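Since every read-out is calculated from the coordinates, none of them should be taken as a lab result. In this text the structure is predicted, and so the values were computed from the model without any measurement. Neighbour counts run over all protein chains shown; Cβ positions are idealised from the backbone, glycine included.
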Amino acid sequence: LYRTDELGAVGGKEELFERIPRRLYGDNSLRLASLLFWGGFIAAMFLSSKWTPVPEFADAVVGQEALEKYEAMYEESFSSSTYSPEDRIFMAGYYIYHNASIGLRCFVMGLAFGIGGMFAIVFNAVIIGATFGYLSFRVRHRARAVRTDGDCAVGRRGYETRLRAGRYGGPQPE
């Protein structure tokens with residue numbers, strides 16, 4: 001009744017890279033869910049961007065207070081010393097709890113012919129897309145390569161700055 005096939009290295013590779021993608025590609029429910037999510041996400045992202053015909057879209061969907069919190073949150077590096085280990089553990093626990101509760105809600109709402117689940121997909125896509133579109137043009141994103149000592153340096157400018165500060169060996173720039 002509950003027989004499983006033994007997957008060796010070859011069988012596991014075949015299952016992972018051949019059978020599963022073939023099954024997923026042929027699943028019409030997954031296609032519909034992807035279309036709903038990415039359609040809502042891209043539309044909301046465009047409507048929240050600087051090219052929008054509706055300038056207050058992000059404020060109306062997400063709320064100005066939440067957008068200000070997101071801006072403040074993403075201005076600061078997560079690797080900075082303002083977060084204690086206890087804060088990081090609490091945040092990780094909260095994200096796990098929150099994501100699990102979203103999954104359970106989507107499952108329960110999907111029991112009525114999938115309508116509730118589709119609503120949850122579109123709702124989450126619009127919120128995420130609006131937030132992403134808003135932050136993409138308002139928060140100054142800084143690419144960071146986090147090193148073990150917590151310092152960040154990316155690209156030529158970061159390297160030259162660190163050279164001037166004498167943090168790397170070698171010739172100093174003029």
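Reducing region 15-76 and region 100-136 to their Cα centroids gives an inter-centroid distance of 10 Å. Our coupling estimate for region 120-131, obtained by passing each phi through the Karplus curve with A = 6.51, B = -1.76, C = 1.60 and θ = phi - 60°, is 4, 5, 5, 4, 5, 5, 5, 5, 5, x, 5, 5 Hz, Gly and Pro reported as x.
If we count other beta carbons within 10 Å of each Cβ, what is the order of TRP51, TRP38, fewest first? List each step's numbers first, then the result.
Values: TRP51 9, TRP38 12.
Starting with the residue having the fewest Cβ neighbours, the order is TRP51, TRP38.
For region 25-138, the spread of Cα positions along the three principal axes, ordered from largest to smallest, is 47, 39, 26 Å.
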